[in-house]
Amino acid sequence: MNYSLLITILAILLAVWYAWRYYKLRRNINHFAAQARAKNTSTNIKELENLSSSVSSILSAFNLQLSTSDAERARLATVLDQITDGVLIADAQGLIQFANPAAGRLFQTSTPLHHSITEVIRHHQLVEAWRRCQKTRELQTESVEVPSRHQYLQLIVIPDRHASGSLLLVQDLTRVRRLETVRRDFVSNLSHELRTPLASLKALTETLQDGALDDPPAARRFIDQIQIETDALTQMATELLELSRIESGRLSLDLKPVSAFELLNSASERMQLQAERAGLSLRVECADDLPKVNIDSQRLEQVLVNLIHNAVKFTKPGGEVILEAETGNREVRFAVRDTGVGIPADDVPRIFERFYRVDKSRAGSGTGLGLSIAKHIVEAHQGKIWAESVEGRGSAFFFSIPTV
Ligand SMILES: Nc1ncnc2c1ncn2[C@@H]1O[C@H](COP(=O)(O)OP(=O)(O)OP(=O)(O)O)[C@@H](O)[C@H]1O
Ligand SMILES: [Mg+2]
């Protein structure tokens, strides 16, 4: 064998050996890479699965919270829309950031938003309360009467803990105040009404004891006077009892279909003599084919008698009293009109209160209970009663009774 052939064979063997080594190395690397890839992927998928399940549970918890807070927000919005108390939220500068509808109504402004407290509240004492709260960061309360708006308002200003603004709550105490006044007036009027006849009874009996008994004609006069006073007291007691029975809802109505024409005629007959004695003409102006109303005729006749009695008392001789009835929208409307002294406009809203009399020195005034009794009887029939009057010209009293 020659020398060059040997070298060629050796070179081929060396190349084959290197090729084999290279092939083995590549195979190992591929295997290792495949193994590593397989291992890594499974780890990632698991982690991803964990991550995705926590994300979705956070998401569902968030959705739940969102819908709960949406429901709460809707509930709160309904409450704020419906409550009769006004709610305002103002920022540190006093600009209104939120106002519920009641606040707008109470302060009689349609757009309180983004206006200043001063512009909306328009009452220096209430604005002062807000200023005090801003300064001291303490709750402030203020009650004021607003005569121009016929209101009695209470304002509570609460500092906002999280911001430098404040929350303002406004309550309308007009009705409560009015009821308090009516109750106070009632007690003082009642004691006054009782004191007058009791004092004259005491004076009359003392005079009799002091010797008037020995003077029969004078004694007779005093005893007649005693009778008048006790009658007045009895009448007052009866009316008060009647009122309290009606007010406590213990009035039982004996409802029957009655024609308005008959009711007016029956009341007119009862009062005819009194009207004639007072020099007045009393007449009925009513169609006889009006629909019947379901009423307690005795009680409603009492209402008419009370109204006619007033008309007769407060109309000068020569005047007239007219009784009317007409059908309206699902109701029959009754009216008692007179050509009497009339009632001042300021007194008209108050005459249905117990013991209210326009001018106590007016001739013919009674105890001031007649109209309150009438009002309660009409309201027990689901009806309404009201008055219109022009001072010096006359008055008209109306009441309506539903026909259905
Ligand atoms: N027709 C009328 N014209 C003018 N004033 C009236 C008329 N009706 C009522 N008033 C006024 O309203 C007040 C209240 O009336 P109301 O019938 O309640 O009491 P009264 O007549 O004074 O007493 P009572 O009816 O208890 O005997 C009266 O005192 C009177 O001042
Ligand atoms: Mg009366």
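The values are calculated or read from the model by the stated rules, or taken from the named source; none is laboratory data. The structure presented is a predicted model; accordingly, all values stated were derived computationally and were not measured. All Cβ positions, glycine included, derive from the backbone under ideal geometry; neighbour counts span all protein chains shown.
Report whether or not ASN294 is within 16 Å of ligand 2 (Cβ to nearest atom), within 22 Å of GLU379 (Cβ to Cβ) and within 36 Å of the chain's Cα centre (by Cα). The answer is no for ASN294.
Rundown of residues vs (1) away from ligand 1 (no atom under 15 Å from the Cβ); (2) in contact with a Phe, Trp or Tyr (Cβ under 7 Å, 6 or more places away or on another chain), yes/no style:
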{"site": "SER268", "(1), (2)": "yes, no"}
{"site": "GLN274", "(1), (2)": "no, no"}
{"site": "ALA278", "(1), (2)": "no, no"}
{"site": "ARG283", "(1), (2)": "yes, no"}
{"site": "ASP288", "(1), (2)": "yes, yes"}
{"site": "GLN298", "(1), (2)": "yes, no"}
{"site": "ASN306", "(1), (2)": "no, no"}
{"site": "LYS313", "(1), (2)": "no, no"}
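Within the stretch 311-346, the residues that satisfy the criterion of being within 14 Å of ligand 2 (Cβ to nearest atom) and either in a loop (DSSP other than H, G, I, E, B) or crowded, with 21+ Cβ neighbours inside 10 Å (or both) are ALA311, VAL312, PHE314, THR315, VAL321, VAL336, ASP338, GLY340, VAL341, ILE343. Whether a residue is touching a strand residue (DSSP E or B) at 6+ places or on another chain (Cβ under 7 Å), more than 7 Å from ligand 1 (Cβ to nearest atom) and of a type in the set (Phe, Trp, Tyr) was assessed, and PHE334 passes this test. Tell me whether the stretch 72-88 contains one or more residues that are within 15 Å of GLY165 (Cβ to Cβ) and either surrounded by 12 or more Cβ atoms within 10 Å (Cβ to Cβ) or not hydrophobic (A, V, I, L, M, F, W, C) (or both). For the stretch 72-88, residues within 15 Å of GLY165 (Cβ to Cβ) and either surrounded by 12 or more Cβ atoms within 10 Å (Cβ to Cβ) or not hydrophobic (A, V, I, L, M, F, W, C) (or both): present. Look at the stretch 268-282: where a residue is not assigned by TED's automatic domain parsing to the domain that holds ALA311 and at pLDDT below 95, no partner that is surrounded by fewer than 14 Cβ atoms within 10 Å (Cβ to Cβ) and not acidic (Asp, Glu) sits 6+ places away or on another chain with Cβ atoms under 9 Å. Those helices (runs of 4 or more DSSP H) of the stretch 58-146 that lie entirely within it include none in which at least 3 residues are outside the structural domain of ARG161 (by TED's automatic domain parsing).
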